[in-house]
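What follows is a short report on a single structure.
The values are calculated or read from the model by the stated rules, or taken from the named source; none is laboratory data. Since this is a predicted model, take the numbers as computed values, not measurements. Glycine gets a Cβ as well: all are built from the backbone with ideal geometry, and neighbour counts include every protein chain shown. Surface accessibility is based on the protein's heavy atoms, side chains included, excluding ligands, DNA and RNA. Shrake-Rupley method; radii C 1.70, N 1.55, O 1.52, S 1.80 Å.
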Amino acid sequence: MKVAIIGGVAGGASCAARLRRLDENAEIILVERGPYMSYANCGLPYHVGGVIQDEAELLVASAELFREQFNIDARVNCEAISVDAAAKTVDLRDLTMGDVTTVSYDKLVLSPGAKSVRPPIPGIDLPGIFEVRTVPDTRVIRQWIEKGSPFLSGMHKYSGFQTARPKTRAVVVGGGFIGLETAENLVHRDLDVTVVEMADQILMPLDREMALIAEKHLERHGVRLVLGDGVASFSPAQHGGLDVTTQSGSVYSADIVIVSLGVKPDTMLAKSAGVDIGERGGIRTDDRMVTSDPDILAVGDAVEVRDFVTGEWSLIALAGPANRQGRIAADVIAGRDARFRGTQGTSVIGLFDGTAAWTGQSEKALKRRGDDDYEKIYIYPNSHAGYYPGARPIAMKVLFRKSNRKLLGAQALGLDGVDKRISTLAFALQMGATIDDLAEAELCYAPPYGSAKDPVNFAGMVAADVLSGDMPIRHWDNAEEGFLLDVRELPELAVECVEGVKHIPLGQLRGRVDELPKDREILVVCRSGQRAYYATRMLLQMGLKASVVSGGMLSHFQNGVLDA
């Protein structure tokens, strides 16, 4: 059997290595258009910032390794330019010499990845404007920064105070993963950084109020955020560098610009092969990664995948799913019954010393679908036992079905312990867990690592209380008609408060209950929700109508989580 695999990074490389382990006799050709096979593209921003010093550390497996250890015909600087599905051949162009050759296949695996979104903005091809997609990209960015602008490059000719080098200015266009990771790493290199994002928030998979936590964290670390204002043009500045003009007319000066506007599936080869393209613009496959042509499979960022929660088609450009799909494609080619379960978009990003992570559906995604069979909670548990040094709060938003109690999605931000909680919830989500399963999950515990009631358990318990009616909740976006009661202590009001709220500290509530209305719903507030829950249980048993404002002051102001 002869197998041609187009694309040698995540999905393609995984497919090739797995297939060799399953079939020693298969003839495998692995083709990569770039100069490197199987490189760590997720690590590129950290090489820009110098966290990863040596470029060679990004190279996971070389073409030589594939040839020597796996007996795979691995070719770099080799571009697949067309597929003849009827003849079962692929035309390959050697990008070094320009020669075109044709290879045949019994099975073809397409793993071309995704292309950077690069809209026709005036001036986008000017010198000093880069993207972060490949190892060569990071090399030229580092060289540009180290060289500096024409003005800066001559500073060594001066003496005294004149040699004080002004900060290099960077504008990053796009507030997604790569844009924000690059922005952080440019700050580490002592650049003055502005992020311009057309949407009204960064990190679009997050709900707006959760993204706000990350935005404030970035601003505290010196990143200037320009939200709700897209780029209109790039132009040479009068005294060197570039002017970035936004749609509002604002102008931001830059010595270097990073364009990071996301990606779209590379479907050129798929279209030449005549395989089906889905409505989201990706290659359509079944759960065995087989396209509409039974001899052509596809994996990675170029394919559409089923959302595990909704069952709808989606595009998820993540390394984890791509690697799993490559392995599944190899199993299928080798005659095994392997199937891809779908994806829930589980993701994590580090921003300075903080972390944001999420899995499953966001609230805004549910609303877009017209889905109102859900409830949400905001909780702020400690990352580990509060009495052990270093505990930090985690801001968590958890969504679940009202009808069947199943977990739908979760988002978390904090300085410690965020990733393992979202990883746990991601696995629970894939297994179809309910909030009761979260409450009963047996998780490892010792004071430096967690609490006897882990944040995952806590989320399940709070959600179960909500659905059982033990803890009726409201949210700030629908709290206008209720009577607001703040049960915090008096000194806390100086930190944050809401006008027009009745204040009775929790310890005084039993003796002052006559001050509360009998004919209105009492919406109880504290800092995070715990004392409000105690107060609500008390009031309910006294015959009053009461609800907890979920997340309390923390969910209203979204302060104090990533700087605690």
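In degrees between 0 and 90, to the nearest 10, how far off the longest principal axis of the chain does helix 530-541 point, with axes built from Cα atoms? The angle comes out at about 50 degrees. Across the range 217-231, rounded Karplus estimates of 3J(HN,Hα) from the backbone phi angles (6.51 cos²θ - 1.76 cosθ + 1.60, θ = phi - 60°) give 5, 4, 5, 5, 9, x, 8, 8, 9, 10, 10, x, 8, x, 7 Hz, Gly and Pro being marked x.
Hey, any idea what the orientation-averaged projected area of the convex hull of the range 159-235's Cα atoms comes to, in nm²? Could you put the intermediate results ahead of the total?
Details: hull surface 25.3 nm².
Its Cα hull, projected and averaged over all orientations, spans 6.3 nm².
Do me a favour and compute the ellipsoid semi-axes for the range 215-299 from its Cα gyration tensor, root of five times each eigenvalue, largest one first, whole Å. Working shown, then result.
On the way: eigenvalues 352, 58, 25 Å².
Equivalent-ellipsoid dimensions as semi-axes: 42, 17, 11 Å.
One Cα centroid belongs to the range 385-449, the other to the range 495-509; the line between them spans 30 Å.
Taking the range 178-219, which GluC sites (Glu not before Pro) meet the DSSP loop condition and have no more than 15 other C-beta atoms within 10 Å?
Qualifying residues, ordered by number: none.
For the range 421-499, the equivalent ellipsoid derived from the alpha-carbon gyration tensor has semi-axes of 31, 19, 11 Å in decreasing order. Here's the picture: a label point sits 7 Å out from the Cα of VAL251 along the beta-carbon direction, and within the range 192-218 the residues with their amide nitrogen under 19 Å of it are 194-196. In the chain, the DSSP-assigned H stretches of four residues or longer account for a calculated mean residue ellipticity at 222 nm of -7500 deg cm²/dmol, using -39500 (n - 2.57) per stretch and the full residue count as denominator.
Which order do the peptides 518-531, 354-367 come out in when sorted by mean C-beta neighbours inside 10 angstrom, highest first?
On the way: 518-531: 20.0, 354-367: 22.4.
Peptide ranking by packing, descending: 354-367, 518-531.
Using a cut-off of 21 Å between Cα atoms, the listed pairs LYS115/LYS216; LYS2/LYS88; LYS264/LYS376; LYS406/LYS545 include LYS115/LYS216; LYS264/LYS376; LYS406/LYS545 as exceeding that distance.
Might you report the magnitude of the Cβ-based charge dipole of the range 484-564 about its Cα centre, with Lys and Arg at +1 and Asp and Glu at -1, to the nearest 20 debye? Write out the running numbers ahead of the final one.
Numbers: 10 positive and 10 negative charges, 75 e Å.
Roughly 360 debye, rounded to the nearest 20.
Amide H contacts of HIS503 (H built 1.01 Å from N, in plane; Pro and chain starts excluded): ASP486 sit under 5 Å, all sequence-distant by 5 or more or on other chains. Relative to the longest principal axis of the Cα atoms of the chain, the long axis of helix 319-333 makes an angle of roughly 50 degrees. Put simply, the amide H of GLY123, placed in the peptide plane, has neighbours under 5 Å in PHE234, leaving out anything fewer than 5 places away on its chain. The value obtained for the range 320-419, namely the Cα convex hull volume divided by the number of residues, is 157 Å³ per residue. Normalised by the number of residues in the chain, the mean separation of alpha-carbon contacts (under 8 Å, six or more apart) gives a relative contact order of 11 percent.
With only alpha-carbon pairs counted, each pair once and no self-pairs, how large is the Kirkwood hydrodynamic radius of the chain in angstroms? Spell out each step's value before the answer.
Working: mean 1/r = 0.0380 Å⁻¹.
Taking every pair of different Cα atoms in the chain, averaging 1/r and inverting gives 26.3 Å.
For the chain, what is the charge dipole size about the Cα centre, in debye to the nearest 20, if Lys and Arg each add +1 at the Cβ and Asp and Glu each add -1 at the Cβ? Each step should come with its number before you reach the end.
Numbers: 61 positive and 74 negative charges, 96 e Å.
My answer is approximately 460 debye.
Projecting the Cα atoms of VAL60, CYS78, GLY49 onto the charge dipole of the range 48-101, computed from C-beta unit charges around the Cα centre, puts CYS78 farthest toward the positive end. Ranked by the mean number of other Cβ atoms within 10 Å per residue, highest first, peptides 437-444, 303-310 order as 303-310, 437-444. Under 5 Å from the amide H of LEU408 lie the amide H atoms of LEU399, PHE400, ARG401, each residue being 5 or more positions distant or on a separate chain, with H modelled from the backbone and absent for Pro and chain starts.
Can you list the lysines whose alpha carbon sits under 18 Å from that of LYS420, skipping same-chain ones fewer than 8 residues off? Within the straight-line limit of under 18 Å, LYS420 reaches these lysines: LYS397, LYS453.
Nonpolar atom fraction for the range 182-338, defined as the carbon and sulfur part of the 1.4 Å probe accessible area, stands at 47 percent. Secondary structure note: in the chain, about 55% of the DSSP beta bridges are antiparallel.
As a rough guide to protection, the peptides 138-144, 374-380, 199-205 ranked by mean Cβ packing within 10 Å, highest first, stand as 374-380, 199-205, 138-144.
Once the Cα atoms are used to define both axes, helix 135-147 deviates from the longest principal axis of the chain by about 80 degrees.
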